[in-house]
Amino acid sequence: MNETSHLAATPWEKSEGTCTCCGRTSKTIWGDLSQDNTALAVYFVQWTVESSDHNPNFDFVLGPWGEGTLAENRVLVSLLFKPAADGGAFMIIDAEERLKAKRSICGRAMLRCEVVGTRFADEVFRLVDALWLTDPRMSEVQALNNGI
């Protein structure tokens with residue numbers, strides 16, 4: 001990436017609810033990742049507060065955005081974040097289970113085997129890095145490493 005191309009998160013909204021399986025507070029944040037004023041992806045990050053039983057989910061809807069674009073030309077890629085004392089790790093997962101809530105903004109969910117080991121995976125992890133570093137709300141997810 002050259003110096004004039006800056007990939008950054010633009011935070012949109014956040015919400016809180018209750019986890020249906022454990023009753024703890026569940027949080028979701030979302031926004032977009034753009035480069036040179038062009039949106040590359042919309043992201044959703046969901047986690048359950050004070051629960052080591054639930055790893056945070058990261059969902060990225062990638063593809064063309066803006067007027068005249070179609071949801072069917074976008075894909076959903078999902079990852080789990082596994083907190084650890086050494087900083088944690090991201091793992092690409094099958095996105096089909098995560099698709100239900102995002103059906104109206106993307107055409108299909110990517111399988112893990114379609115992403116891992118491809119150039120597309122490099123792009124996904126570039127987006128993860130930008131989100132991790134540029135959305136200040138990520139500090140809550142990053143703090144999960146401290147609770148290990």
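Some notes on this structure:
- Restricting the first member to the stretch 15-33 and to residues that are in a loop (DSSP other than H, G, I, E, B), and the second to residues that are among the charged types (D, E, K, R), the beta-carbon pairs closer than 7 Å and six or more apart or on different chains are Cys22/Asp53; Arg24/Glu50.
- Residues considered: Trp12, Trp47. Of these, the only one that is buried (at least 20 other Cβ atoms within 10 Å of the Cβ) and in a strand (DSSP E or B) is Trp47.
- The set of residues from the stretch 85-111 being surrounded by fewer than 19 Cβ atoms within 10 Å (Cβ to Cβ) and modelled with pLDDT of 85 or more comprises Gly88, Ala89, Phe90, Met91, Asp94, Glu96, Ser104, Ile105, Gly107, Arg108, Leu111.
- Unmet criterion (only one of (1) out of contact with any strand residue (DSSP E or B) (no Cβ under 7 Å at 6 or more places or on another chain); (2) within 18 Å of Asp32 (Cα to Cα)) for Cys106: (1)
- Leu33 vs. criteria within 18 Å of the chain's Cα centre (by Cα) and farther than 20 Å from Ser139 by Cβ: no
- Residues within the stretch 119-148 that are acidic (Asp, Glu), over 13 Å from the mean Cα position of the chain (by Cα) and either over 21 Å from Lys14 (Cβ atoms) or at pLDDT 95 or above (or both), tallied: 1
The values are calculated or read from the model by the stated rules, or taken from the named source; none is laboratory data. What you see is a predicted model, and the numbers here were worked out from it, not measured in a lab. Cβ atoms come from the backbone with ideal geometry, glycine included; neighbour counts cover every protein chain shown.
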